[in-house]
Structures are given as structure tokens and as C-alpha cells.
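Engineer: Provided herewith is a single structure, encoded as C-alpha cells, for subsequent inquiry.
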Amino acid sequence: MRKRPIATNDPHIRALARIVGEEAILYRKEDLIAYDCDGFTVHRHLPKAVVFPNSTEEVAAVVKYCHEHELPFLARGAGTGLSGGAIPLNGEVIISLTRMKRLLHVDLENRRAVVEPGFVNLKLTNSVAHRGYYYAPDPSSQYCCTIGGNVAENAGGAHCLKYGVTTNHILGLEIVLPDGEVIEIGGNGVPDPPGYDLLGLLTGSEGTLGIVTKITVRLLKNPEAKQTVLAYFDEVEDASQTVSDIISAGIVPAALEMMDQTAIEAVEAAAFPVGHPKDIAALLLIEVDGISAGIGEQIDDILTICRRHHVREVKVAESEEERARWWANRKTGFGAMGAISPDYLVQDGVIPRSRLPEVLREIANISRKYGLRIANIFHAGDGNLHPLVLFDASQPGETERALAAGSECLKACAAVGGSITGEHGVGLEKKEEMRFIFSDEEILAQTAIRDVFNPKNLLNAGKLFPTPGRCVETKQVSSTVK
Amino acid sequence: MSTVTSERTGSPACATASLGNYRFADLPDPSKWADCVHCGMCLESCPTYEQTGEEQHSPRGRVHLMKSVGEGKLDLTPDLLDPIFTCLDCRACTTACPADVDVGGLIEQVRGQLRQAVPLTGWKALVNDFFLKGIFPHPSRLDWLGRLLKLYQQSGLQTVARKTGMLRVMPDHLAEMEAILPKVGTPVRKKYRNEPLIKAKGETKRTVAILTGCIMDVMFSDINEATIRVLTRNGNDVVIVSDQTCCGALHVHAGDRETGRKLAKQNIEAFQGVDHVIVNAAGCGAMLKEYPELFRHDPEWHEKAEQFAAKVEDVSKFLYDTGFKVPKAELNVRLTYHDACHLAHGQGIRKEPRAVIESIPGVEMVAMPNADRCCGSAGIYNLTHPDMAQAVLESKMQNVPQDVELISMGNPGCMLQMALGVMKHGRNQKIVHTVQLLDWAYQKEEGKDVRI
Ligand SMILES: Cc1cc2nc3c(=O)[nH]c(=O)nc-3n(C[C@H](O)[C@H](O)[C@H](O)COP(=O)(O)OP(=O)(O)OC[C@H]3O[C@@H](n4cnc5c(N)ncnc54)[C@H](O)[C@@H]3O)c2cc1C
Ligand code: SF4
Ligand code: SF4
């Protein structure tokens with residue numbers, strides 16, 4: 001790409017440009033604004049600069065420089081995070097991994113692949129599909145999100161019900177620690193290495209413990225057969241009960257997704273409509289996979305359970321094309337909100353499956369209380385709710401109302417013994433809500449772990465945990481809410 | 001959005017209203033950015049983001065910047081030129097976006113503002129004015145340019161220039177373009193000057209007009225000829241409306257919406273008497289269909305533009321929809337198809353040209369991976385942003401199958417760019433327009449000696 005001569009005297013910018021090259025740094029306001037938030041748009045903050053390293057060495061050199069000069073910094077993948085993890089709250093230097101996007105190695109014999117952090121999730125499956133393999137974690141954002149970001153958020157997806165979330169598919173990581181030291185953990189193929197499970201600790205640490213620069217992942221063999229069912233219900237209760245009964249019947253679907261009426265309105269108004277009836281209360285998208293033998297019976301069982309719960313209409317996908325259409329419609333669901341609302345805020349609560357009807361009723365109450373529509377698109381099979389609070393940030397007060405409504409949804413989840421996040425992470429968005437599920441002591445114990453890795457707290461500070469007794473940070477946050 | 005003073009300005013000439021820091025008439029449409037929920041699902045569809053990995057070179061980033069200006073957080077400064085003008089206007093993001101955000105349309109509107117706030121200066125302004133205002137809208141001057149090019153090619157001057165290395169004094173990308181210039185023929189507008197209606201072969205089913213295009217008619221008159229033959233062969237009387245002009249796409253892409261509107265008005269009036277306007281250049285077709293956008297603030301012309309746009313159709317879709325004659329002669333050729341951005345993303349036309357090509361006996365179609373990825377041509381983008389155009393072309397060529405003889409498509413701009421790609425990669429594929437294939441098959445059926 002064209003060289004961009006550095007037009008500033010800021011010594012830090014000049015020094016960073018020497019590390020990564022003039023064509024790999026942004027520092028003008030016109031460019032930086034594009035980095036003032038991620039998929040969570042409620043908070044905005046300008047970074048000091050954005051650098052685009054091309055190698056682990058460059059990442060380490062940038063980190064070392066920031067560490068020595070006490071510059072706050074953070075990692076960013078595709079910026080699809082929904083909890084504000086990549087928002088430069090403290091005017092960080094953003095280390096963007098989008099140019100480290102090589103597929104380094106594929107080893108089908110041992111069913112593994114090594115990728116750089118900026119490699120896009122779906123591209124991995126696309127690169128091995130013709131050989132009969134795939135990468136299982138499939139967040140709906142998989143068209144664009146990076147595997148580095150997936151590791152940081154321990155991303156899940158529709159098919160994680162049966163196959164597990166990202167952490168179950170990570171075999172090794174190369175990490176640049178917050179002082180610039182490069183370490184490797186796992187990766188040598190030992191399934192359960194002695195000592196602490198550092199891979200487990202790092203996966204899902206939301207970019208607060210180190211910057212992932214290389215990832216060894218597990219690949220799976222394509223299932224022999226796959227069948228997908230679409231079921232329309234007139235009552236949310238019936239759909240919820242169907243979910244419960246499918247699981248208690250001992251069936252483990254690969255995916256079990258639900259959408260409610262408002263969500264259906266959005267996806268049908270958006271770019272990938274399927275033709276779902278607009279007057280149904282809820283739909284279920286159910287997929288089973290595995291060896292061919294037995295799939296037919298599983299489908300029959302599922303159909304029977306649906307009918308037992310007064311399904312209005314239920315059908316099995318007749319072609320791969322039809323199946324793909326149903327999934328495209330589901331997976332673009334969040335973005336589809338743009339078709340019916342200027343802004344949305346997605347929550348990510350987890351509840352015991354059996355409490356689904358009750359919590360959905362509570363969410364409907366919250367929606368009425370705040371006068372904001374709430375759509376639900378979620379992984380029903382594992383009780384991972386995604387209430388999408390629809391609002392218009394240009395209307396005074398609506399953003400605050402939306403935030404409050406979202407927080408109350410999480411409270412409802414915590415109240416039935418659930419959790420405040422299933423897969424989108426805590427980030428900036430839900431750090432206060434951590435108090436719904438952890439005591440001060442429990443939070444302190446966790447920040448103590450962070451301090452071991454990140455003693456100066458320069459890496460992605462102000463995320464993941466509330467800061468007990470230090471209200472400065474919270475004030476700063478609220479002042480950025482526009 | 002609180003700063004909207006007036007969304008509809010009375011006349012496009014007065015600059016009284018403003019929207020955040022947009023302060024020139026013909027304000028951008030804030031509902032276009034309001035649709036964007038910042039989900040990022042468009043990122044990977046964007047060829048410029050693929051190259052740089054930078055958000056301000058992505059659809060989401062661009063929308064965010066354009067919105068920031070509308071919210072008064074950012075000014076229309078020279079530093080905005082790079083994010084806004086590096087966009088290829090390829091519309092791939094609109095296909096990918098779940099919320100149907102019209103990023104390309106917004107980019108064009110904002111370019112209109114930015115070009116006024118930061119006018120071109122120096123040689124760029126000269127070149128821009130010379131070609132966009134001085135040449136393209138004027139058929140006679142285009143003819144003159146064509147004659148000059150022809151002279152250059154026929155007089156032996158081209159050979160001399162190539163041999164003596166005179167071309168080496170030109171910037172690389174211009175010298176490369178020179179190498180792939182097609183052989184200039186006689187513009188159909190000129191050729192049929194005294195024959196404004198070309199009769200259908202056999203029974204006349206309807207009368208259609210064709211957009212001859214500006215540069216198209218000079219550089220690719222053979223495609224216009226093929227279009228006429230294919231249309232008349234399928235029962236269409238073809239008229240060549242004489243006052244038609246350049247579609248204005250290049251002007252609108254460059255932010256000169258005023259000239260765009262002027263040309264649009266001329267075309268709308270020129271084609272008033274016909275029911276169908278058939279276009280064989282995807283970029284022009286998309287522009288004609290988007291004329292109403294240009295008159296958002298002018299109800300009278302907006303309505304005329306809507307009526308006009310409804311008459312416009314791409315030649316491949318028109319043939320497909322009206323039931324073209326399937327040729328009987330075999331072509332016996334292996335080929336692949338490239339989706340021109342302004343056909344696939346701009347007009348949603350994908351299956352029709354493929355169906356036309358695949359109907360020809362003996363044609364073996366090899367699928368091109370990511371066929372609807374931009375080739376980097378994008379109007380005059382390959383001249384204004386040679387580095388990016390080159391990188392995008394490089395990435396496109398990786399996907400072009402090796403074992404084909406022809407690469408077919410529906411846009412002359414892409415044809416030049418793909419020819420460049422083929423040349424640079426030492427490949428030997430020929431580049432053809434979809435209608436040329438059909439034309440060849442028909443000619444062969446008539447017993448003519450056809451050489452592809
Ligand atoms: C439409 C939509 C649908 C979504 N659906 C799902 C879903 O189904 N399941 C799901 O789990 N999530 C989902 N998400 C959330 C999001 O896509 C995931 O969290 C994803 O893993 C983020 O990846 P990213 O590359 O965009 O990371 P970013 O947003 O760039 O970063 C996320 C966090 O990871 C950190 N980070 C990024 N890269 C690195 C690295 N290399 N090393 C260390 N830290 C790093 C950042 O600092 C930040 O804290 C969805 C988001 C959207 C917009
Ligand atoms: S343009 Fe569309 S796909 Fe891109 S971020 Fe906005 S809503 Fe999402
Ligand atoms: S029109 Fe093309 S180049 Fe421009 S933002 Fe959209 S995808 Fe990118």
C-alpha cells in the first residue's frame with residue numbers, strides 16, 4: 001500500500017511508526033473515529049493511535065514500547081465485540097490484528113490448524129471444508145470476527161450446544177504478555193498438561209491478560225448427516241416447553257435456536273428473509289447431526305414433541321439451499337435490527353432452561369416498564385438469552401433507558417440462578433453487573449490474578465471487573481455516555 | 001441528528017440548510033446511516049478493508065465517519081478524502097449488510113459535500129475538468145478523442161511509442177492501460193446517424209432504445225454493434241436516440257453531482273419517447289436506475305427520474321425476461337463469468353447473464369470463486385487510486401480459474417481491468433462481453449465464420 005508520511009511531531013507516534021512502518025499506523029482524528037467503539041456503540045472514546053503489526057515480533061515491540069512509556073494499550077480484532085471490550089476507554093494505543101491473518105498450518109492427520117489471530121473464523125472452515133473438516137465454534141458474527149477475538153471472548157455459537165464453546169477447541173496459544181515478553185502455552189498436543197490450566201485462563205480473559213498472536217485450534221470431521229427443522233408456535237410457552245422436552249428426551253441437537261415475534265419482524269424486514277409468518281409468537285430452528293443411522297428417528301422424535309406442544313407448522317429442510325437460507329436469516333438477526341430500529345443493545349444472559357418461560361415473561365414486563373421494544377433471538381438449547389433492546393440514541397434519554405432495561409434483564413437472569421453473560425463477555429458494558437453474581441471478595445480474587453499478568457494495568461484497563469472503592473473510573477465511563 | 005435544520009431544500013442551488021457539518025445543498029440522507037447498527041457483518045465483503053484491514057477503509061467505518069460529520073463531531077476536512085474516496089463504490093457491502101444499508105449511495109452523497117468543501121486543485125483538477133466536463137458529456141469531442149486514438153493505433157505511432165520506450169515516461173499504471181486499449185472502431189451513434197431505427201429481424205415485438213454510452217461507444221463500439229444485432233435478432237426494433245449523453249456515473253462517483261444531474265436531465269428528456277432503455281454497461285445501468293437519488297430534493301424531477309428508471313434494463317436481464325432465442329450453433333469453449341459489481345451488487349442481476357451464456361450450446365461454464373468480488377476497475381478508480389486498484393485486481397486474479405479460454409462479463413470497465421490482469425499475469429484468456437458470446441453464436445448459426 002501507499003506510504004503515508006507521518007505528519008505529526010508526537011514522539012510516541014513517530015516511535016511506533018518506526019516499529020510497524022508508516023503505512024501501518026493511524027493517528028489522525030478522521031481515521032481514529034472509526035475506532036471509537038466496537039459492536040457496542042453506547043460508549044465512544046478515541047484511541048491515541050491504531051497500529052497494524054505484521055508479526056509477533058512487531059506486536060511484542062509495540063507492547064514493550066507502551067509498557068516502558070506507560071501508554072495504555074489494547075488488542076482489537078474485527079471489532080464485532082458486543083460488550084465494548086475493544087473500546088479505548090483510556091485513549092489506548094489500539095493494536096489491530098487485522099493484518100496478521102494468515103492460515104499458518106493445517107494438519108488434518110492430527111486434526112488441527114495454526115492460525116494468526118486476525119484470521120476470520122469462517123475462513124477456517126472454508127479452507128478445510130473441501131477435505132471434509134470444519135472448525136466448530138460458529139458465532140453468528142463468524143463471517144467477520146477473528147479467531148483471536150473469539151479466544152479473548154471465549155465465543156460460542158449456535159452449534160456450541162453439542163460441540164462446546166471456543167475454549168473446547170483451543171489447543172495452544174502464543175501470547176505477548178503486557179510487558180512484551182512472548183510465551184507459548186499448550187500446542188504440543190498433550191490434552192491435559194500438568195500444572196494450572198493456563199489455556200483455560202487465557203481463553204475468555206477478554207484481552208486483559210495478554211495479546212494472542214498465534215492459535216492452534218482443533219478441527220472436526222464433518223458429520224455424516226445433518227437435518228434441520230423449523231417450527232412455528234403461537235405461544236412462547238409452547239416453544240419453551242418444546243426446548244425443555246427435546247433436551248430431557250435425551251436428544252442433543254447440534255443447535256436449538258429461538259426467535260420471538262419482534263425478532264421475526266426484523267429478520268423478515270431485512271436482507272435475508274425466509275417468509276416466516278409474522279403473526280407467530282416464536283419459532284425454533286433445530287438441527288441434529290451425526291452418523292446417518294438414527295438421524296431419522298431423532299427428527300421423528302423432535303416432530304412429535306413439537307406437535308405435542310401445539311406447533312402451528314413444522315418442516316424439515318428439503319435441501320442444503322433451504323437450510324442455508326434459514327441459517328443466514330438467523331445468523332444475520334442482530335444486524336437485521338437495523339431494519340426496524342436505529343440502535344440496539346444486545347444482552348447475553350444465561351438461565352437454567354426450565355426457567356425460560358418465566359424469564360421471557362419478565363423480559364416482556366421490563367420492555368413495557370421502559371417503553372422500549374425488546375426482541376429475543378437466542379441459543380435456547382443452552383439457555384443463553386439474547387434480549388435485544390431497541391432504542392434510538394438520537395432521542396434524549398433513550399440510551400440511558402435502554403441501558404437500564406438491559407441491566408434489569410440481566411438481573412432477572414441472575415435472580416433465577418443464571419449468569420450475566422454466556423458468550424459476549426463482560427467488557428465495559430456489564431462490569432457493574434458482575435456484582436449480581438460475585439461478591440467483592442470474589443471480584444478481588446480475580447483482579448489479583450489479572451495483576452499477576454498485567455501489573456501496571458496498562459492492557460485494556462477498566463474492563464471486565466467493577467472497581468471497588470475507586471469510583472473515578474466509573475465516573476469517567478458515565479461521562480462518555482452520550 | 002438533532003442538528004437537522006431542513007432535510008428538504010427547495011432548490012439544489014441554494015445552500016441554506018445544514019446537517020451537522022454538512023453545509024452544502026443536496027444534503028446526505030441521515031436515514032441511510034441510521035439504518036447501520038455497527039454490527040460489522042459487512043467488513044469481509046469490502047475489497048479495500050481486505051487490503052488494509054483498516055476500519056476507515058471499511059463500510060462500517062465509512063458509515064461511522066459520514067455519520068460523525070452529520071452529528072457535528074467531525075469536519076469536512078482534507079483528511080476525510082482518503083476514507084471516502086478510497087471506496088470503490090462496488091456495493092458489495094450492501095449485499096452483505098443485514099440491514100440493507102445503502103453505503104454506496106451515502107458515499108456518493110458525501111462525496112458531493114466533500115468535493116465542495118475541499119475542491120480539487122492543481123493538475124488533478126485540470127485532468128478532472130478536462131475529461132469529466134470537457135470530453136465525456138460531448139459526443140463530438142468524444143468522437144474526436146476516438147479518432148485521435150484510432151490514428152495513434154493505425155498510424156504506427158502506437159508501435160513506435162511502444163518500441164522507443166516513449167511509454168516509459170508515463171506513470172506505470174497509465175502505460176499499462178495503454179497496452180490493453182481495445183482497437184477503436186466507429187461509434188454506433190455516428191454510424192447509424194442517418195438510420196435512427198434499426199429494424200428487428202422478422203416480426204417486430206417491441207421497440208427499444210439503447211444507451212450507447214460515452215467512452216463505451218468510442219472504445220467498445222463492437223459491443224454496441226453486437227448488442228444491436230442480438231436485440232434485433234430477438235424481435236426488437238432498436239432506436240438510437242440522438243440527444244442521449246454520458247450517464248453521469250463517473251461524475252457522481254467523483255462527487256460532481258451537479259454535472260450528474262445535468263446529464264441525467266438530458267437523458268431523461270432524450271429517452272422520453274421510448275418504453276425501454278437497454279444498457280450493456282453495468283455501471284451506466286446502475287446509474288440510470290439511481291437517477292431518482294440525484295433528485296431527492298426536487299419533487300418534479302424526482303418523479304420524472306422514477307418514471308425513467310423504470311424503463312431502464314440491463315441487456316442480459318432484458319433478454320432473459322423477454323425470452324431470447326436459444327442459439328443452435330455450438331461455440332465449444334470453456335469460460336468463466338465475472339459478476340460486475342454494478343450488475344450483481346448494484347442491480348441484483350446474477351442469474352440472468354449466466355443463464356444467457358449457459359444456454360449457448362457447447363459452452364462449458366467454470367465457476368469462479370468469489371465471482372462477485374470487485375476487480376478494481378470501478379470507473380476511473382484505476383486511474384485515481386492505482387495502488388489500491390492494483391492490489392484489488394491482484395486478489396481478483398487469484399480467483400480466476402486457469403483452465404478457461406474466455407472470461408465473460410457485463411461491464412466494459414471491468415473488461416479493461418481484467419484484460420490488464422490477464423496481461424500482467426501472463427495469462428492468455430480473452431475477455432468478452434456476455435452479449436458478444438450470444439452474438440457469436442447467432443452469427444455462427446447463420447453460417448458466418450466466427451473467430452473468438
Ligand atoms: C452480529 C453479531 C453477532 C454475534 N454473535 C455472536 C455469537 O453468536 N456468539 C458469540 O460468542 N459472540 C457473538 N458476537 C460477539 C463477537 O462477535 C464475539 O465476541 C467475537 O469473538 C469478537 O471477535 P472480534 O474479532 O470482533 O474481537 P474484537 O471485538 O475486536 O475484540 C473483542 C475483545 O477481544 C480482545 N481481543 C481481540 N483480539 C485479541 C487478541 N488477538 N488477543 C487478545 N485479546 C484480543 C479485545 O481487546 C476485546 O476485548 C456477535 C457480534 C455481532 C456483532
Ligand atoms: S453497514 Fe450494515 S453490515 Fe455494516 S455495520 Fe452497518 S448494519 Fe452492519
Ligand atoms: S462500496 Fe465497496 S469499497 Fe466501498 S465500502 Fe462498500 S464494499 Fe467497501
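Just so it is clear, none of the values below were taken in a lab; they were calculated from the coordinates. Bear in mind the structure is a predicted one, so any value in this text is a computation, not a measurement. Here Cβ is always computed from backbone atoms with ideal geometry, including for glycine, and neighbour counts include all displayed protein chains.
Engineer: Using Stokes-Einstein with the Kirkwood hydrodynamic radius over Cα pairs, what translational diffusion coefficient do you get for the protein assembly as shown at 20 °C and a viscosity of 1.002 mPa s, in µm²/s rounded to a whole number?
Structural biologist: 72
Engineer: Fewest Cβ neighbours within 10 Å first, please rank B:Asp75, B:Asp275, A:Asp238 accordingly.
Structural biologist: Numbers: B:Asp75 14, B:Asp275 11, A:Asp238 20.
The most exposed by this proxy come first: B:Asp275, B:Asp75, A:Asp238.
Engineer: Averaged over peptide B:66-74, how many Cβ atoms belonging to another chain are found within 10 Å of each residue's Cβ?
Structural biologist: Numbers: counts 0, 1, 6, 2, 0, 3, 0, 5, 3.
Mean partner shielding for this stretch: 2.
Engineer: Still on this structure, please answer the following. At a 10 angstrom cut-off on C-beta neighbours, averaged per residue, how do the peptides B:248-257, A:174-183 rank from highest to lowest?
Structural biologist: Working: B:248-257: 25.6, A:174-183: 19.2.
Sorting B:248-257, A:174-183 by mean packing, highest first, produces B:248-257, A:174-183.
Engineer: Can you give me the angle between helix B:257-270 and the longest principal axis of chain B, using Cα atoms only, in degrees from 0 to 90, rounded to the nearest 10?
Structural biologist: Roughly 40 degrees between the two axes.
Engineer: Hey, got a sec? Which GluC sites (Glu not before Pro) in region A:11-111 land in a DSSP loop and have at most 13 other Cβ atoms within 10 Å? Show your work: numbers first, answer last.
Structural biologist: Details: sites: A:Glu22, A:Glu23, A:Glu30, A:Glu57, A:Glu58, A:Glu68, A:Glu70, A:Glu92, A:Glu109; in loops: A:Glu70, A:Glu92, A:Glu109.
Hits after loop and neighbour filter: A:Glu70, A:Glu109.
Engineer: In addition: Straight-line reach only, C-alpha to C-alpha below 25 angstrom: list the lysines that B:Lys201 could link to, leaving out same-chain residues fewer than 8 apart.
Structural biologist: Partners found: B:Lys190, B:Lys191, B:Lys311, B:Lys317, B:Lys325, B:Lys328, B:Lys444, B:Lys448.
Engineer: Something else: Work out the mean other chain Cβ neighbour count within 10 Å for the residues of A:336-344 and drop it here as an integer.
Structural biologist: Mean shielding by partner chains, rounded to a whole number: 6.
Engineer: Can I ask one more? Just need the relative contact order of chain A here, percent rounded to a whole number, with Cα pairs under 8 Å and 6+ apart.
Structural biologist: Averaging sequence separation for qualifying contacts and normalising by length gives 15 percent for chain A.
Engineer: I need the phi-derived Karplus couplings for region B:230-240: 6.51 cos²θ - 1.76 cosθ + 1.60, θ = phi - 60°, integer Hz, Gly and Pro marked x.
Structural biologist: Along region B:230-240, the couplings run 5, 5, 5, 4, 9, x, 10, 6, 10, 10, 10 Hz.
Engineer: I would also like to ask the following. Relative to the first principal axis of the alpha-carbon coordinates of chain A, what is the inclination of helix A:440-453, with its axis defined by its Cα atoms, in degrees from 0 to 90 and to the nearest 10?
Structural biologist: 50
Engineer: Which aspartates and glutamates does A:Lys48 reach when only Cα atoms under 12 Å apart count, and residues fewer than 8 places away in its own chain are ignored?
Structural biologist: Partners within reach: A:Asp10, A:Asp31, A:Asp36, A:Glu92.
Engineer: Expressed as a whole number of Å, what is the distance separating the alpha-carbon centroids of region A:346-391 and region A:193-240?
Structural biologist: With region A:193-240 and region A:346-391 each reduced to a Cα centre, they are spaced 21 Å.
Engineer: Determine, for B:Met41, B:Met219, A:Met259, B:Met423, the number of other Cβ atoms within 10 Å of each Cβ, and report the residues in order from fewest to most.
Structural biologist: Numbers: B:Met41 30, B:Met219 23, A:Met259 26, B:Met423 13.
Ranked by crowding around the Cβ, least crowded first: B:Met423, B:Met219, A:Met259, B:Met41.
Engineer: Still on this model: Could you calculate the FRET efficiency of B:Arg427 with A:Glu358 from 1/(1 + (r/R0)^6), where r is the beta carbon distance between them and R0 is 51 Å, rounded to 0.05? All intermediate terms of the calculation are to be shown ahead of the outcome.
Structural biologist: Values: r = 64 Å, r/R0 = 1.26.
For B:Arg427 and A:Glu358, the calculated efficiency is 0.20.
Engineer: Can I ask one more? Rounded to the nearest 0.05, what FRET efficiency is calculated for A:Asp392 and B:Asp449 with R0 set to 51 Å and r the Cβ-Cβ distance? Spell out each step's value before the answer.
Structural biologist: Numbers: r = 67 Å, r/R0 = 1.31.
Result of the calculation: an efficiency of 0.15.
Engineer: Would you list, by chain and number, the lysines whose Cα falls below 18 Å from the Cα of B:Lys430, excluding same-chain residues fewer than 8 positions away?
Structural biologist: B:Lys183, B:Lys396
Engineer: Describe numerically, in nm with one decimal, the distance between label points set 7 Å from Cα along Cα→Cβ at B:Asn399 and at A:Asn222.
Structural biologist: Result for the modelled spin labels: 2.0 nm.
Engineer: Can you order the peptides B:107-113, A:312-318 by their average number of other Cβ atoms within 10 Å per residue, highest first?
Structural biologist: On the way: B:107-113: 25.3, A:312-318: 14.7.
The densest-packed peptide leads the list: B:107-113, A:312-318.
Engineer: Given charges of +1 on the Cβ of Lys and Arg and -1 on the Cβ of Asp and Glu, with all other atoms neutral, how large is the dipole of the protein assembly as shown about its Cα centre, in debye to the nearest 20? Walk me through the numbers before you get to the answer.
Structural biologist: Numbers: 101 positive and 118 negative charges, 631 e Å.
Result for the protein assembly as shown is approximately 3020 debye, rounded to the nearest 20.
Engineer: Could you give log10 I(q)/I(0) at q = 0.13, 0.17, 0.23 Å⁻¹ for region A:223-339, computed by the Debye formula over C-alpha point scatterers of equal weight, without solvent?
Structural biologist: Per q value, in the given order, log10 I(q)/I(0) is -0.47, -0.80, -1.34.
Engineer: In nm, to one decimal, how far is the modelled label at A:Arg368 from the one at A:Ile291, with both set 7 Å along Cα→Cβ?
Structural biologist: In this crude label model, A:Arg368 to A:Ile291 measures out at 5.2 nm.
Engineer: Further question on the same structure: Rounded to the nearest 0.05, what FRET efficiency is calculated for B:Leu383 and A:Asn168 with R0 set to 41 Å and r the Cβ-Cβ distance? Numbers along the way, then the final one.
Structural biologist: On the way: r = 51 Å, r/R0 = 1.25.
Efficiency, from the Cβ-Cβ distance: 0.20.
Engineer: Could you order peptides B:336-346, B:358-368 by the average number of other Cβ atoms within 10 Å of their residues, highest first?
Structural biologist: B:336-346, B:358-368
Engineer: Averaged over peptide B:56-65, how many Cβ atoms belonging to another chain are found within 10 Å of each residue's Cβ? Kindly include the intermediate steps, with their values, before the conclusion.
Structural biologist: Working: counts 9, 3, 5, 0, 6, 5, 1, 1, 7, 4.
Across B:56-65, the average partner-chain Cβ count within 10 Å equals 4.
Engineer: Here's another thing I want to ask about it. In nm, to one decimal, how far is the modelled label at A:Asp300 from the one at A:Ala249, with both set 7 Å along Cα→Cβ?
Structural biologist: Label at A:Asp300, label at A:Ala249, 1.1 nm between them.
Engineer: Now a separate question. Need the C-alpha centroid separation for region B:60-104 versus region B:260-317, integer Å.
Structural biologist: 25
Engineer: Hey, what do the phi angles of region A:70-79 turn into as Karplus ³J(HN,Hα) couplings, whole Hz, using 6.51/-1.76/1.60 and θ = phi - 60°, x for Gly and Pro?
Structural biologist: 6, 8, x, 8, 7, 9, 9, x, 8, x
Engineer: Also: Got a sec to turn the phi values of region B:429-440 into Karplus ³J(HN,Hα) couplings, 6.51 cos²θ - 1.76 cosθ + 1.60 with θ = phi - 60°, whole Hz, x for Gly and Pro?
Structural biologist: Whole-Hz 3J(HN,Hα) from phi for region B:429-440: 6, 9, 9, 10, 8, 3, 5, 5, 4, 5, 4, 4.
Engineer: Could you state the angle between the C-alpha long axis of helix B:412-424 and the longest principal axis of the C-alpha atoms of chain B, as a value from 0 to 90 degrees rounded to the nearest 10?
Structural biologist: 80
Engineer: Return the long-range amide H neighbours of B:Val432 (sequence gap of 5 or more, or a different chain), with a cut-off of under 5 Å between placed amide H atoms.
Structural biologist: Answer set, sorted by chain and number: B:Ile407, B:Ser408, B:Met409.
Engineer: Eigenvalues of the Cα gyration tensor times 5, then square-rooted: what semi-axes does that give for chain A, in whole angstrom, largest first? Numbers along the way, then the final one.
Structural biologist: Values: eigenvalues 277, 145, 86 Å².
So the three semi-axes of chain A are 37, 27, 21 Å.
Engineer: Also: Counting other C-beta atoms within 10 Å, which of B:Lys262, B:Lys199, A:Lys431 has the fewest, and how do the rest follow? Let's see the in-between values first.
Structural biologist: Values: B:Lys262 16, B:Lys199 12, A:Lys431 22.
Least to most surrounded, the residues fall as B:Lys199, B:Lys262, A:Lys431.
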